[in-house]
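Asker: Got a structure for you, written out below as structure tokens; questions coming shortly.
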Amino acid sequence: MNRKTLVLPAVIGLLAPVLVACGGSGSGSDGDGAIVVGTTDRFTASKDTPAPLDPAYAYDVGTWNILRQTVQTLMVQPKGEGDPVPEAAESCGFTDSGNERYACKLRDGLKFANGDAITAEDVKFSIDRALAIKADSGVFALLSTIDTVETQGDNEVIFHLKTADATFPFKLSTPVAGIVNPDDYEKGKLREGFGVDGSGPYTMQAEVKDDELVDAAFTRNPNYKGTLKVNNDKISLRSFEDADAMGAALDKGDINVMTRTMSPEQIDKLTNATDSDIDIVETAGLEIRYLGFDTDAPSVKSKAVRQAMAQLINRSELVSKVYGSQAEPLFSMVPASITGHSNAFFNKYGDPNVTKAKSLLSQAGITAPVKLTLHYTTDHYGPATKQEFEVLRKQLNDSGLFDVGIEGTPWSTFRSAEQKGEYDVYGMGWFPDFPDADNYLAPFLDKDNTIGSPYVNSEIRNSLIPESRREADRLSAAASLTDIQDIVADDVPVLPLWQGKQYVAAREDVTGTAYALNSSSTLQLWELGRGVSG
């Protein structure tokens with residue numbers, strides 16, 4: 001086996017990627033010379049999600065990975081991680097001591113892909129549009145600290161914030177802050193379908209079948225001006241029904257690169273192969289999985305029920321049986337490698353204990369067994385999700401305190417049903433918008449939260465989140481962040497399960513795979529090229 005360690009700058013505590021030679025054969029080439037990348041992410045337009053690729057609506061890792069190639073933002077997370085750096089902007093920064101006034105100067109000669117000049121008014125239009133539309137995906141909440149957007153001349157944009165927000169530069173690197181052309185996007189209406197236009201490194205043509213995007217063809221944008229080095233002229237992102245179909249395409253040579261989400265079995269097979277022309281790159285990731293609760297639903301309205309589940313679930317057994325070395329148990333919504341993490345759930349509940357769980361229910365006057373259905377999505381987080389929920393069901397039912405069933409639903413239906421409050425308990429994953437503890441807490445606990453949770457804790461919303469955002473030095477925010485995590489462990493509006501690693505498999509003649517996914521699972525397709533790897 002050919003193994004080598006790639007030493008890259010990373011978030012503190014993250015592992016450097018590991019490159020391993022693996023199995024497969026074939027030439028892997030598209031007819032027009034494009035590098036073909038496979039994914040199991042599905043992109044569907046429906047009555048509930050008519051505008052899946054509008055920056056003012058899109059809010060999942062798959063759609064964001066299309067937007068990051070095509071729609072430019074003022075800031076961008078740099079290669080190798082770290083604080084965001086100017087992208088469409090020439091410079092950005094806070095101009096006051098209170099972190100409430102943030103100014104950006106645009107690059108000279110910035111243009112949309114069609115050649116139209118980009119001005120500060122276009123930036124203001126884009127931000128104001130996302131805030132005004134207030135899409136039910138909840139993505140606009142990332143911009144919620146903005147009070148007003150001011151322009152000075154054609155090249156300067158000033159953001160006046162309602163309150164101090166040290167994380168604001170990160171938020172300007174997310175697709176909801178993407179710059180769009182008023183000629184292509186209406187001010188008060190989402191752009192339906194799969195059309196995307198911007199000033200990013202690529203333009204995109206969508207191949208659509210039965211209201212699903214099956215292939216996104218990216219072509220280098222000749223008008224792109226920014227910090228990203230584009231190492232290819234064409235990339236094709238091809239959507240597959242499942243990991244097996246994607247793996248078969250790699251074996252046959254129909255695709256060059258395989259990304260999220262591979263099955264645990266595929267990863268093990270590729271990692272242990274010794275004689276092939278396919279490499280697998282393992283990187284530490286910031287993906288987490290958790291259970292969410294509709295805290296108004298009768299079955300889980302009592303926090304004693306949620307606490308009992310937290311007391312019973314055996315994360316180590318879950319990870320061992322389903323994911324092996326590809327994941328780690330998680331005892332907070334904040335991953336262990338992020339500044340501000342605390343093991344709040346372990347500190348409160350310790351090891352799984354049926355006696356303690358029974359006592360929690362008894363003291364609250366709840367008669368066992370508690371009947372519940374755990375809902376999960378069948379086609380969004382990988383093929384092991386069903387097995388994961390089978391293990392969770394067995395753990396809870398074996399205690400004698402729960403009578404749990406499980407039900408799987410395709411993502412296109414699952415997501416809208418979850419947001420409408422149709423599920424009492426549901427499994428979700430989170431790929432961070434940016435690598436900061438705030439982004440593992442506020443999206444689930446603040447007003448307009450992304451999961452539509454009815455849970456409200458006024459101390460978290462009114463005091464602790466604002467306090468943590470005042471601290472530019474994130475270590476100084478640790479006290480507020482720890483308090484939030486302790487409250488979550490006690491009230492259990494969400495229940496963290498595990499954090500995972502991530503993988504890219506590619507043919508030997510594809511370069512740049514070590515940077516193709518950053519720690520937030522952002523696809524950086526511009527990093528891929530042709531040559532000799534290793």
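The values are calculated or read from the model by the stated rules, or taken from the named source; none is laboratory data. Just so it is clear, the model here is predicted, and its values are computed rather than measured. Cβ coordinates were reconstructed from backbone atoms using ideal geometry, including for glycine residues, and neighbour counts include every protein chain displayed. The accessibility values were calculated without ligands, DNA or RNA, using every heavy atom of the protein model including side chains. Shrake-Rupley method; radii C 1.70, N 1.55, O 1.52, S 1.80 Å.
Asker: Return yes when P201 is open to solvent by less than 10 Å² (accessible area, probe 1.4 Å) and at pLDDT 95 or above and no when it is not.
Answerer: The answer is yes for P201.
Asker: Among the residues that make up the range 322-332, is at least one of them closer than 24 Å to S480 by Cβ and free of Cβ contacts under 8 Å to residues at least 24 places away in the same chain?
Answerer: Within the range 322-332, not a single residue is closer than 24 Å to S480 by Cβ and free of Cβ contacts under 8 Å to residues at least 24 places away in the same chain.
Asker: Oh, and also: Which ones in the range 316-375 are at positive phi and open to solvent by 60 Å² or more (accessible area, probe 1.4 Å)?
Answerer: The answer is G365, and nothing else.
Yes or no, residue by residue, for (1) in a helix (DSSP H, G or I); (2) charged (D, E, K, R):
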site: F444; (1), (2): yes, no
site: K447; (1), (2): no, yes
site: T450; (1), (2): no, no
site: P454; (1), (2): no, no
site: I460; (1), (2): yes, no
site: I465; (1), (2): yes, no
site: S468; (1), (2): yes, no
site: A478; (1), (2): yes, no
site: L495; (1), (2): no, no
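Asker: Does E87 fit the bill of being in contact (Cβ under 8 Å) with a residue 12 or more places away in the chain, under 25 Å from L190 (Cβ atoms) and open to solvent by 50 Å² or more (accessible area, probe 1.4 Å)?
Answerer: no
Asker: When the residues of the range 401-416 are narrowed to those that are modelled with pLDDT under 95 and either small (G, A, S) or at positive phi (or both), which ends up least open to solvent (accessible area, probe 1.4 Å)?
Answerer: Ranking the qualifying residues of the range 401-416, first place goes to S416.
Asker: For residues that are closer than 19 Å to D490 by Cα and in a loop (DSSP other than H, G, I, E, B), tally how many sit in the range 323-335.
Answerer: 6
Asker: Got a sec? Which of L142, L161 is in contact with a Phe, Trp or Tyr (Cβ under 8 Å, 6 or more places away or on another chain) and either surrounded by 20 or more Cβ atoms within 10 Å (Cβ to Cβ) or under 20 Å from A88 (Cβ atoms) (or both)? Steps first, please.
Answerer: Working: L142 fails: in contact with a Phe, Trp or Tyr (Cβ under 8 Å, 6 or more places away or on another chain).
Within the list L142, L161, the selection yields L161.
Asker: Report yes if some residue within the range 118-129 is open to solvent by 50 Å² or more (accessible area, probe 1.4 Å) and either in a strand (DSSP E or B) or at positive phi (or both); otherwise report no.
Answerer: Checked the range 118-129: no residue is open to solvent by 50 Å² or more (accessible area, probe 1.4 Å) and either in a strand (DSSP E or B) or at positive phi (or both).
Asker: While we're on this one: Where in the range 182-295 are there strands (runs of 3 or more DSSP E), lying fully within it, with 3 or more residues that are under 27 Å from G109 (Cβ atoms)?
Answerer: Values: elements: 202-209, 212-220, 234-239, 278-293.
Per the criteria, 202-209, 212-220.
Asker: Do the conditions hold for K303, that is, is it of a type in the set (K, R), at pLDDT 95 or above and more than 22 Å from the chain's Cα centre (by Cα)?
Answerer: yes
Asker: Keeping to the range 135-178, report how many residues are modelled with pLDDT under 95 and at positive phi.
Answerer: 1
Asker: To continue, here is another question. Name the residue that is surrounded by the most Cβ atoms within 10 Å (Cβ to Cβ), counting only residues in the range 498-532 that are among the small types (G, A, S) and assigned to a loop (DSSP other than H, G, I, E, B).
Answerer: Once the filter is applied, the top-ranked residue is S519.
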